[in-house]
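Everything below concerns the one structure shown next.
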Amino acid sequence: MAVTPSAGRTPDPLSQWVEEVRPDRGVVPAKAKVKVKYALPGDVASDIRKAFIGTAYAREKAVMTLTRAAEAYDRKRYEEALRLGRSVADAVPGVAPVRELTGLAAYRAERWSMAKIHLRSHFAITGDPEHLPLVMDCERAGHRYRAVEKTFGELEASEPTAEVLVEGRIVMAGAWADQERYEDAIQLLTKAGATKQLRNPSYRHVRLWYALADIFDRAGDAVSARELFARVVLAEPEAYDAQARLAELGSSAPRKNRKRRATPVSKKKFD
C-alpha cells in the first residue's frame with residue numbers, strides 16, 4: 001500500500017458549496033387553439049367535381065380554390081374572393097353556387113357589370129329570383145333604368161318571397177326617384193305597405209319605412225320624411241343613418257313609449 005500511486009495523498013478540501021440554480025421555467029403557455037379548417041358544403045364540392053373537365057389534380061385544385069374564395073368572402077376580402085371565384089367559374093360555369101359566390105363578391109366589391117353577369121347566370125341556372133334585386137341595383141348604378149324595370153318585371157313574374165319582392169320594390173322606387181318620378185316611387189312603396197304602423201315591425205318593414213322616408217326627403221316633403229325616419233329610429237335605433245337624417249330634418253330621436261297607443265302617431269308630433 002505504501003508504494004501505490006495514491007499513497008500519502010488526500011483530496012483537496014472543497015472550499016465552498018455552490019448551489020445549483022435551475023432556470024425558472026415560468027408559466028407553461030397554453031396550447032394555441034387549432035385553427036378549424038375551412039371547408040365547402042359537401043354538395044357544392046361534389047357539384048364542382050362532377051362538372052370539372054380535367055385531371056384529378058386540377059379538379060381538387062378547383063375545389064380548394066373555391067374554398068379559399070368562400071373563406072375570403074366571409075372575412076370581407078371581396079376582391080380576393082372575386083379573383084378566386086372567377087377562376088373557378090371559368091372552369092365550371094354551370095355550377096350555381098360558384099356563380100352565386102362570385103356574383104356576391106363582385107357586388108360587394110362594387111364591380112357592377114361583373115356582379116350582374118354572375119348573378120344573372122345563377123338565376124338562369126336555378127330559377128331562384130333571390131338575387132334579382134341585386135341585379136337591379138347593378139343596373140341602377142349604371143343608370144340603365146329601362147333594364148331595372150325589365151328585371152323588376154322578371155322578378156314579379158318569378159313568384160318571389162315577400163322579402164325578395166320588397167327588396168325589388170325598394171330598388172325600383174329608388175330608380176324612379178333618381179329620375180325624379182317621386183309620385184310613382186311613393187305609390188309603389190305605399191302599395192307595398194310602407195305607410196303601415198306596426199307595433200313589432202319586421203326587418204322588411206323597417207327597410208320600407210327608411211326607403212320611403214328617403215324618397216319623401218328627396219321630394220321635399222320634410223314632414224312625411226321626419227315621421228318615417230322617426231318610426232325607423234323607434235324600431236331600430238342603430239338602423240342605417242336614420243338618426244342623423246332625422247337630426248338634419250330638425251327633429252331629435254323620439255323616445256319609445258311603452259304604453260299601448262289607442263290612436264296612430266300624429267305627424268305633428270315630429271314637426
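Would it be correct to say that Ser224 is within 26 Å of Trp112 (Cβ to Cβ), touching a residue at least 12 places away in the same chain (Cβ under 8 Å) and in contact with a helix residue (DSSP H, G or I) (Cβ under 6 Å, 6 or more places away or on another chain)?
no
For Thr151, state whether it is crowded, with 21+ Cβ neighbours inside 10 Å and of a type in the set (S, T, N, Q).
Taking the combined requirement at face value, the residue satisfies it.
For Glu163, state whether it is modelled with pLDDT under 95, in a helix (DSSP H, G or I) and among the charged types (D, E, K, R).
The answer is yes for Glu163.
I'd like the residue in segment 51-98 that is touching a Lys or Arg at 6+ places or on another chain (Cβ under 9 Å) and under 14 Å from Ala115 (Cβ atoms) and, out of all such residues, is surrounded by the fewest Cβ atoms within 10 Å (Cβ to Cβ).
If we take residues in segment 51-98 being touching a Lys or Arg at 6+ places or on another chain (Cβ under 9 Å) and under 14 Å from Ala115 (Cβ atoms), then Glu79 is surrounded by the fewest Cβ atoms within 10 Å (Cβ to Cβ).
Mind listing whichever residues of segment 157-172 are surrounded by 15 or more Cβ atoms within 10 Å (Cβ to Cβ) and within 20 Å of Thr190 (Cβ to Cβ)?
Correct list: Pro160, Val164, Leu165, Val166, Glu167, Gly168, Arg169, Ile170, Val171, Met172.
Looking for something outside the structural domain of Asp47 (by TED's automatic domain parsing) and within 29 Å of Glu71 (Cα to Cα) - is there at least one such residue anywhere in segment 149-157?
For segment 149-157, residues outside the structural domain of Asp47 (by TED's automatic domain parsing) and within 29 Å of Glu71 (Cα to Cα): absent.
Looking at this structure, is Thr65 among the β-branched types (Val, Ile, Thr) and touching a Leu at 6+ places or on another chain (Cβ under 6 Å)?
Yes, satisfied.
What are the residues in segment 181-239 that are exposed (fewer than 15 other Cβ atoms within 10 Å of the Cβ), over 28 Å from Arg146 (Cβ atoms) and hydroxyl-bearing (Ser, Thr, Tyr), if any?
Ser202, Tyr203
Evaluate segment 117-126: report whether one residue or more is under 24 Å from Trp176 (Cα atoms), surrounded by fewer than 22 Cβ atoms within 10 Å (Cβ to Cβ) and not assigned by TED's automatic domain parsing to the domain that holds Val171.
yes
Check Arg9, Arg22 and return the single one that is more than 16 Å from Ala89 (Cα to Cα) and modelled with pLDDT under 55.
Step by step, each of Arg9, Arg22 is checked, and only Arg9 is more than 16 Å from Ala89 (Cα to Cα) and modelled with pLDDT under 55.
The values are calculated or read from the model by the stated rules, or taken from the named source; none is laboratory data. Everything quoted here is computed from the prediction, not taken from an experiment. As a convention, Cβ positions derive from the backbone with ideal geometry for all residues, glycine included, and neighbour counts pool all protein chains shown.
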